[in-house]
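See structure below.
The values are calculated or read from the model by the stated rules, or taken from the named source; none is laboratory data. Remember, predicted model here, so these are calculated numbers, not experimental data. Heavy atoms of the whole protein, side chains included, go into the accessibility calculation; ligands, DNA and RNA do not. Shrake-Rupley method; radii C 1.70, N 1.55, O 1.52, S 1.80 Å.
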Amino acid sequence: MKGGHAVTAGKPRGVRGWRLRARGDRGFGSVELAVLALVVLALAFTALQAGLYFHGRKAAQSAARHGVESGRQFGSGPGDGVAQAQAFLARFGGSVEGASVSSSGSSAQQIRITVRGKVATLVPGLTLEIVQHAEAPVERWTTP
């Protein structure tokens, strides 16, 4: 015993020794919390961005499908399908920015509606493009 304190291989024991060892870790919990918070925020923003992307994609797909259903009816044409798809996007496609609708690839027997646009992003400078299309045969009158 040295001065009333037990010493083992140069290391003080007891409450005083614990305080001396713990002093070097002071503030480490704050650093761990900051790093963990960054990881959690990154995961949350990634989940939100994925949700925005898939919502925009689904809205574009639904617009293309509505356009095909309208344009394939007897007496309709590709222009009617494009107009219906644009009307659908005007009502429900707020998550598809700069949307353009075309009927390129359509023929007398088949109608194809393509919707292109961009998704709103949380990261500045990031652009996510969406291209969705739907196609179906055109209804026509035939004799049996």
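May I ask you to give the solvent-accessible area per residue for the stretch 75-144, in square angstrom, as obtained with a 1.4 angstrom probe?
Working: 4260 Å² over 70 residues.
About 61 Å² of surface per residue is accessible.
For LYS118, what accessible surface area do you get with a 1.4 Å probe? Give it in Å², rounded to 10.
Here the accessible area works out near 90 Å².
What residues qualify as long-range amide H neighbours of ILE111, i.e. H under 5 Å apart, gap of 5 or more or another chain, H built at 1.01 Å from N?
Amide H to amide H, under 5 Å and 5 or more residues apart or across chains, ILE111 pairs with ALA136, VAL138.
Across the stretch 113-120, in residue order, what do the Karplus-derived ³J(HN,Hα) couplings come to in whole Hz, using 6.51 cos²θ - 1.76 cosθ + 1.60 with θ = phi - 60° and x for Gly and Pro?
So the J values, rounded to whole Hz, are 10, 10, 10, 10, x, 10, 9, 5.
What's the carbon and sulfur percent of the stretch 40-144's accessible surface, probe 1.4 angstrom, rounded to a whole number?
On the way: 3710 of 6350 Å².
That share works out to 59 percent.
Apply the Karplus curve 6.51 cos²θ - 1.76 cosθ + 1.60, θ = phi - 60°, to the phi angles in the stretch 96-105 and return the couplings in whole Hz, x for Gly and Pro.
Once rounded to whole Hz, the list reads 9, 8, x, 6, 10, 10, 9, 10, 5, x.
How much length is gained on full extension from SER107 to ALA47, taking 0.36 nm per residue of separation minus their Cα-Cα distance? Mind showing how you got there, number by number?
Values: separation 60, 0.36 × 60 = 21.60 nm, distance 4.01 nm.
Extra length available between SER107 and ALA47 comes to 17.6 nm.
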